[in-house]
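Report on the following structure.
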Amino acid sequence: MNAIPIAVLASGRGSNFEAILKSIQKKNLQAKILALISDQPDAQVLQIAKAASIPAFAVASPASKEQQEEEILKILKPLQAHFIVLAGYMRILSPTFLAPFLSPRGYFRVTNIHPSLLPAFPGKNAYAQAFALGCKVTGVSVHLLDEKVDHGPICAQEAFSISDLITVQEVEARGLDLEHRLYPNTLNWILQEKFSLEKREGRTCVRQD
Ligand code: GRF
């Protein structure tokens with residue numbers, strides 16, 4: 001199986017980036033990380049990439065979001081990554097940014113992990129939102145991006161119980177454990193494009209072939 005060239009975008013701590021990296025090192029995930037790009041110059045994720053000898057770029061917020069996206073695209077263009085993997089990237093990507101990653105089968109080759117059972121709790125602090133509302137169960141979603149926020153065809157979802165947990169930190173810890181397993185496992189077949197998109201009564205469904 002070929003290692004698929006990817007670029008990872010991340011904004012912070014980088015635990016998902018690290019999980020992807022480890023999964024590649026253990027040969028559980030057939031991918032090669034060409035670059036790590038962060039919008040935050042102080043992000044811990046940059047250090048994790050450097051320690052693993054992965055080219056790491058910080059593209060700090062310049063005058064406008066358009067300018068920042070242009071900068072990132074300039075870095076990405078010569079790399080020829082087959083997929084862009086978002087791992088805790090906290091900015092919304094514009095349709096202009098996504099356009100070059102449109103596959104011939106009509107989806108963007110851009111993936112994301114979101115800490116909720118989408119479409120519940122899009123946006124920031126999803127674990128905290130579920131906890132504050134008194135949910136008994138929450139979960140994690142891996143999806144392909146579309147032009148809307150925390151939206152797009154869902155590839156994998158897993159739920160976990162939080163009814164026994166006392167603090168939001170415990171919810172986050174349980175969720176992150178799951179994220180670190182679910183994202184690399186799901187990327188394994190997404191990157192190989194072993195799926196089809198099906199329209200079912202208006203919703204788009206990702207089906208693993
Ligand atoms: C994770 O909870 C991820 O699902 C969300 O942002 C967080 C990033 O954590 N999108 P990390 O930087 O990967 O540790």
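Below is a table of values for the structure above.
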quantity	calculated
Label-point separation in nm, GLU201 to THR167, each point 7 Å along Cα→Cβ	4.4
Distance in nm between pseudo-label sites at ASP42 and TRP189 (7 Å out along the Cβ direction from Cα)	4.2
Percent RCO, i.e. relative contact order, over the chain, from Cα pairs under 8 Å lying at least 6 residues apart	18
Set of aspartates and glutamates near LYS32 by C-alpha distance (under 20 Å), chain-local residues within fewer than 8 positions excluded	GLU18, GLU179, GLU193
Gyration tensor (alpha-carbon) shape descriptor, the stretch 85-209, a/c threshold 1.5	prolate
Whole-number D in µm² s⁻¹ for the chain, Kirkwood Cα-pair radius fed into Stokes-Einstein, 37 °C, 0.692 mPa s	187
Net dipole in debye of the chain [+1 Lys, Arg Cβ; -1 Asp, Glu Cβ; about Cα centre; nearest 20]	500
Filter on LYS77/LYS148; LYS26/LYS136; LYS26/LYS50; LYS27/LYS77; LYS26/LYS148; LYS74/LYS148 - keep pairs with C-alpha separation over 30 Å	LYS26/LYS136; LYS26/LYS148
Cα gyration tensor, the stretch 54-99 - rounded (a/c under 1.5), prolate or oblate	rounded
Amide hydrogen neighbours beyond the local backbone of ILE162, cut-off 5 Å, H modeled	VAL137, THR138
Full-extension gain in nm, LYS65 to ASP209, via 0.36 nm per residue minus C-alpha separation	48.1 nm
Cβ charges +1 (Lys, Arg) and -1 (Asp, Glu), total dipole of the stretch 146-209, debye	280
Among beta bridges that DSSP assigns inside the chain, antiparallel share in %, nearest 5	55
Inter-site label distance for MET90 and LEU73 at 7 Å from Cα along Cβ, in nm	2.5
HN-Hα J in Hz across the stretch 97-110 - Karplus 6.51, -1.76, 1.60, θ = phi - 60°, x for Gly and Pro	5, 6, 3, x, 9, 6, 8, x, 8, x, 10, 7, 7, 9
For the stretch 34-41, Karplus couplings with θ = phi - 60° (6.51, -1.76, 1.60), whole Hz, Gly/Pro x	7, 6, 10, 10, 10, 8, 10, x
Selection from ILE72, PHE83, PRO119 lying farthest towards where the dipole of the stretch 50-159 points positive, charges on Cβ	PHE83
Computed [θ] at 222 nm, helices only, for the chain once each DSSP H run of length n ≥ 4 contributes -39500 (n - 2.57)	-10000 deg cm²/dmol
Distance histogram in 10 Å bins (all Cα pairs of the stretch 2-114, percent per bin)	14, 50, 32, 4, 0
Highest average packing first - 8-18, 92-102, 57-67, Cβ atoms within 10 Å	8-18, 92-102, 57-67
Heavy-atom accessible surface of the stretch 139-209: percent carbon and sulfur, 1.4 Å	46
Charge dipole of the stretch 6-160 about the Cα centre (unit charges at C-beta), most positive-ward option of ASN28, VAL137, ALA43	ASN28
Accessible area in square angstrom per residue, the chain, 1.4 angstrom probe	51
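The values are calculated or read from the model by the stated rules, or taken from the named source; none is laboratory data. None of these values were measured; they are calculated from a predicted model. All Cβ positions, even for glycine, are placed from backbone atoms using ideal geometry, and neighbour counts span all protein chains on display. Each accessible area value is taken on the protein alone, full model and side chains, heavy atoms only, with ligands, DNA and RNA left out. Shrake-Rupley method; radii C 1.70, N 1.55, O 1.52, S 1.80 Å.
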